[in-house]
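Each reported figure results from applying straightforward, stated rules to the coordinates on display, with no laboratory input. Given the structure is predicted, the values throughout are model-derived calculations rather than measurements. Cβ sites come from the backbone with ideal geometry, for glycine too, and all protein chains shown count toward neighbours.
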Amino acid sequence: MSFFMILKVALRAIFRNKTRSLLTALGIIVGIAAVIAVVAIGQGAQAMMIKEISSIGNNIIMVFPGSRTQGGVHGGSGSSQTLTAEDGERIAQDLSHLVRAVTPVVRTGSQVIYQENNWSTQIQGVSVDYPEVRNWTAEDGVFFTEADQRAGTRVCVLGATVVDNLFTSASPVGQTIRIRNMPFRVLGVMARKGSNTMGHDQDDVILVPFTTVKRVLQNSIFNNVNMLMISLHSLDDITAAKAEIGALLRQRHKLAPQAPDDFNSIDMTEITNTIGSMTKLMTLLLTVVASISLLVGGIGIMNIMLVSVTERTREIGLRMAIGATPSDILLQFIAEAMALSVVGGLLGVLLGTGGARLVGRLQQWPILITESSVLVAFLFSAAVGMFFGFYPALRASRLNPIDCLRYE
């Protein structure tokens, strides 16, 4: 018998019992749909997290103060006060072949007042290079200038959330707000960024020259900062840049060769890789759980095929009697099992794709359906049909034609 004739006979046998065939393929349908949906939601979540992390800035290395040891007492991370704005300036000057821009960050918080409205928010003291480091521009007005930074002028740029809570309809540009009962002139409004992966609203912030924060808001004569944000020319330079930044800071802080660093550095690739590993692990675990449905579906196909072999014993004997070989019988039943699983796989792909998109629409969750995941799921369903259909097909091919014709 030709392959097309075997396939035709197999499909005719399947459509002869439509309800039973559909119920047999149901396990495959549910399993494939679950795998497609889980992978789509997991990959979408990973893509969303990576996108939100990248919104922090381009190719960024963040340097924080390290711990301090005094009198045998070890302070926690950040207890050292040796990180200064001058460190950032030297990094930008000496490592310009790797570093694109550097900004110090000094954080504080305050109640902000405009006319009868008030709002508690975070005040960040930054430099004029902050928009370039964070890849974040002012959509209304302008950012402060180097002259404002040098003079410690009382000027500020507002995040969108602050604007929403302080101003009703009028543009805030040119208006005066009060921070700790001191007037600050609003120069601009930053473009809306939204919340990051930790749920923190990036727009709930007021950006002020770091010199103003130190001299005016903190009344400090020291130049230490909470963090240095360093943007690189290329993501490929992160390893070399971290090494050179570390060596430069150790030299500036006059650390002995055996002394530990008094600073800590972290880059976006570390955060991205960590979150990516977590989401991949969760997706893998959920995929394994969903694959159990495929296993159950495969066992269902094998059981029904064994029943089918028993029901069609006389048909098998008659086919052998008129010239069908054992290999023809084997291929026929394998074709039936694969047809069931392939059709179930197709329906499962459609159901899983539709279900994932429905979940994404209802929950406002990003969905990422890739061709590779669909292809792998479909091929796996065909493999399940071949694997679990082989034993019933082998059993049918080994039947004795005479015994089959005598079977009642």
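About its Cα centre, the dipole of the chain is roughly 1140 debye, where the only charges are +1 on Lys and Arg Cβ and -1 on Asp and Glu Cβ. Note on the range 81-261: with charges restricted to the Cβ of Lys and Arg (+1) and Asp and Glu (-1), its dipole about the Cα centre is near 580 debye. Taken over the range 81-261, the ratio of Cα radius of gyration to 2.2 N^0.38 Å equals 1.10.
Ordering 103-114, 144-155 by mean Cβ neighbour count within 10 Å, with the highest value first, yields 103-114, 144-155.
Subtracting the Cα-Cα distance of Arg180 and Thr310 from their residue separation scaled by 0.36 nm leaves 38.1 nm. Separation of the range 373-394 and the range 26-40, taken as the distance between their Cα centroids, equals 14 angstrom. Place a label point 7 angstrom from the Cα of Asn264 along the Cα-to-Cβ direction, then list the residues of the range 104-146 whose backbone nitrogen is under 12 Å away. From the range 104-146, the list is empty. Note on Lys280, Lys214, Lys193: ascending count of other Cβ atoms within 10 Å places them as Lys280, Lys193, Lys214, the fewest first. To the nearest ten degrees, helix 268-311 and the longest principal axis of the Cα atoms of the chain are 10 degrees apart. Residues whose amide H comes within less than 5 Å of that of Asn226, counting only those at least five positions distant or on another chain, are Val105, Val106, Arg107 (H built at 1.01 Å from N in the peptide plane).
In the chain, taking the dipole from charged Cβ atoms about the Cα centre, the farthest positive-side position among Tyr114, Ile179, Gly389 is held by Gly389. Its alpha carbons considered, the chain gives a radius of gyration followed by a Dmax of 33.6, 106 Å.
Measuring between their Cα centroids, the range 311-370 and the range 213-243 lie 59 Å from each other.
Computed extension gain for Ser195 through Asp94, at 0.36 nm per residue and net of the alpha carbon distance, reaches 32.9 nm.
Packing order of peptides 304-310, 168-174, 207-213, highest average first: 207-213, 304-310, 168-174 (average count of other Cβ atoms within 10 Å over each peptide's residues).
Database remark: amide H of Ala101 closer than 5 angstrom to the amide H of Ser231 (H placed geometrically; neighbours at sequence offset of 5 or more, or on other chains; Pro and chain starts carry no H). One chain, two ends: Phe15 and Ile292. Fully extended at 0.36 nm per residue, the span grows by 97.0 nm beyond their Cα-Cα distance. For the peptides 225-232, 317-324, 352-359, the ranking by packing is 225-232, 352-359, 317-324, with the highest mean count of neighbouring Cβ atoms within 10 Å listed first. Using the Cα centre of the chain as origin and beta-carbon charges of +1 (Lys, Arg) and -1 (Asp, Glu), tell me which of Ala151, Ile36, Ile266 is placed farthest towards the positive end of the dipole. Farthest along the dipole direction, towards plus: Ile36. Spin-label model, Val376/Leu23: points 7 Å from Cα along the beta carbon direction are separated by 3.4 nm.
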